[in-house]
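Just below is one structure, and these are the notes that go with it.
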Amino acid sequence: MNPFIQQLVNQKINQLDVKELMRLSKQYKIPLTVRQAKQIIAILKKQPVDVGNTKHMITLQNELKSLDPSLYKKAEKLLEPYKDYINWP
């Protein structure tokens, strides 16, 4: 993956906040409560996201799944625009 693009995607994901996540949920018609958005953001903010690091992305997935499998699916859909750049296993 192009390192420049990867850096841009990392930056965008790391700068997400609840308001932006709620906007994305409305844009993509994904039902999401403010509480769920806060949960997703809390997991994303634990450490900087590195979409090029497969091990990190697996850990992130597992944290989201352990919190709530349906929440993981919503987060995955919300990050869909970046899927070409994310190393989801």
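Pull up segment 7-33, narrow it to residues that are closer than 18 Å to residue 51 by Cα, of a type in the set (S, T, N, Q) and surrounded by fewer than 17 Cβ atoms within 10 Å (Cβ to Cβ), then point me to the one that is nearest to the chain's Cα centre (by Cα).
Here the residue is 14.
Working only within segment 34-48, note down all residues that are surrounded by 12 or more Cβ atoms within 10 Å (Cβ to Cβ) and either of a type in the set (S, T, N, Q) or touching a strand residue (DSSP E or B) at 6+ places or on another chain (Cβ under 6 Å) (or both).
36, 39
Filter segment 49-59 down to the residues that are in contact with a helix residue (DSSP H, G or I) (Cβ under 7 Å, 6 or more places away or on another chain) and closer than 13 Å to residue 79 by Cα, then identify the one that is surrounded by the most Cβ atoms within 10 Å (Cβ to Cβ).
Kept after step one, since they are in contact with a helix residue (DSSP H, G or I) (Cβ under 7 Å, 6 or more places away or on another chain), are these residues of segment 49-59: 49-52.
Then drop every residue that is not closer than 13 Å to residue 79 by Cα, which leaves 49, 51.
Numbers: 49: 23, 51: 25.
Ranking the candidates gives 51 first.
Within segment 26-47, track down each residue that is at pLDDT 90 or above and either touching a His at 6+ places or on another chain (Cβ under 9 Å) or among the small types (Gly, Ala, Ser) (or both).
If the condition is that a residue be at pLDDT 90 or above and either touching a His at 6+ places or on another chain (Cβ under 9 Å) or among the small types (Gly, Ala, Ser) (or both), then 37, 42 are the ones that fit.
The values are calculated or read from the model by the stated rules, or taken from the named source; none is laboratory data. None of these values were measured; they are calculated from a predicted model. Glycine also receives a Cβ, built like all others from the backbone with ideal geometry; neighbour counts cover every protein chain displayed.
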